[in-house]
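The values are calculated or read from the model by the stated rules, or taken from the named source; none is laboratory data. Treat the numbers as computed from the prediction; the structure is a model and nothing was measured. Cβ atoms come from the backbone with ideal geometry, glycine included; neighbour counts cover every protein chain shown. Note: areas computed on protein heavy atoms with side chains; ligands, DNA, RNA excluded. Shrake-Rupley method; radii C 1.70, N 1.55, O 1.52, S 1.80 Å.
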Amino acid sequence: MSDHSCTYYDQQAHTFFDGTVEVDMTPLYGRFLPLLGDGAAILDAGCGSGRDALAFAKLGYSVTAFDASPALAALAENHTGQPVYCLRFQDITWQEQFDGIWACASLLHVPTVELPDVMDRLRAALKPGGILYASFKYGSGEREHHGRHFTDLDEPGLAGLLDQVPGLEPVETWVTGDLRPGREAERWLNTLLQRTD
């Protein structure tokens with residue numbers, strides 16, 4: 001996450017938490033979780049409110065969660081009742097530890113130039129054959145919006161990114177509307193990727 005995106009989330013942590021913690025993500029869980037085994041180890045990467053980490057834990061998965069914003073990490077820790085690391089994507093060092101990584105609306109704050117390294121770090125954190133879910137605002141290029149940095153991706157942009165990350169292959173890619181009420185017109189690029197090396 002860029003420094004000012006992190007500052008934004010620190011300043012707006014309660015507002016962001018309240019606006020996202022109750023969103024029903026079941027349709028996306030239905031694509032991701034069937035690719036994992038019972039009790040699989042999941043990394044919630046950029047967990048925000050902790051909504052998804054808590055949902056996965058309630059379903060019996062072994063969940064590790066982190067967020068770059070100290071304020072959000074504290075709220076997520078309180079919400080989930082489990083430790084939440086305060087960590088940036090650029091600093092993760094796990095090796096072959098997770099069956100699945102859930103990066104829902106979080107990688108989009110990583111600058112384009114840093115994404116290949118971050119994706120390679122996520123690949124390394126997966127066990128061989130492990131699954132990564134990621135979502136980006138649908139589009140191309142980088143932009144600043146209300147104090148946050150966004151890297152938007154479409155299908156060609158995702159393909160170009162994956163060309164720079166050997167060992168991570170697409171399983172499925174699809175476009176959805178936003179699941180938050182009143183924002184259904186916003187489009188998201190969703191992708192499931194598998195570690196193949």
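Specify the residue that is most open to solvent (accessible area, probe 1.4 Å); the eligible residues are those in the range 54-80 that are under 22 Å from Leu36 (Cβ atoms) and in a loop (DSSP other than H, G, I, E, B). First the steps, then the outcome.
Residues of the range 54-80 under 22 Å from Leu36 (Cβ atoms): 54-67, 76, 80.
Those left that are additionally in a loop (DSSP other than H, G, I, E, B): 59-61.
Details: Leu59: 109, Gly60: 48, Tyr61: 38 Å².
So the residue we want is Leu59.
Within the range 176-194, is even one residue in a strand (DSSP E or B) and free of Cβ contacts under 8 Å to residues at least 24 places away in the same chain? Yes; the residues of the range 176-194 include at least one that is in a strand (DSSP E or B) and free of Cβ contacts under 8 Å to residues at least 24 places away in the same chain.
Within the range 104-139, the set of residues being modelled with pLDDT of 95 or more, under 23 Å from Gly177 (Cα atoms) and in contact with a Gly (Cβ under 6 Å, 6 or more places away or on another chain) comprises Ile131 only. Of the residues making up the range 129-171, those that are closer than 18 Å to Ala105 by Cβ and part of a strand (DSSP E or B) number 19. Of all residues in the range 150-161, those satisfying the criterion of being within 26 Å of Gly30 (Cβ to Cβ) and open to solvent by 20 Å² or more (accessible area, probe 1.4 Å) are Asp154, Glu155, Gly157, Ala159. The test for being surrounded by fewer than 19 Cβ atoms within 10 Å (Cβ to Cβ) and assigned to a loop (DSSP other than H, G, I, E, B) does not hold for Gln90. Restricting the range 1-46 to residues that are acidic (Asp, Glu) and assigned to a helix (DSSP H, G or I) leaves a set whose member that is modelled with the highest pLDDT is Asp18. In the set (1) surrounded by fewer than 17 Cβ atoms within 10 Å (Cβ to Cβ); (2) assigned to a helix (DSSP H, G or I), the condition left unmet by Arg121 is number (1). In the set Gln164, Gln194, only one residue is modelled with pLDDT of 90 or more and open to solvent by 80 Å² or more (accessible area, probe 1.4 Å); that residue is Gln164. Residue pairs whose Cβ atoms lie under 7 Å apart, sitting 6 or more positions apart in sequence or on different chains, and linking a residue in the range 80-105 that is touching a residue at least 60 places away in the same chain (Cβ under 8 Å) to a partner that is surrounded by fewer than 16 Cβ atoms within 10 Å (Cβ to Cβ) and outside any strand (DSSP E or B), are Asp99/Gly37.
Scan the range 128-149 residue by residue and report those that are more than 25 Å from Thr196 (Cα to Cα) and surrounded by 18 or more Cβ atoms within 10 Å (Cβ to Cβ). Walk me through how you get there before you give the answer.
In the first step, residues of the range 128-149 are kept if they are more than 25 Å from Thr196 (Cα to Cα); the result is 137-149.
Lys137, Tyr138, Arg148, His149, listed by residue number.
Only a single item in (1) touching a His at 6+ places or on another chain (Cβ under 7 Å); (2) under 17 Å from Gly100 (Cα atoms) is not met by Arg123, and it is number (1).
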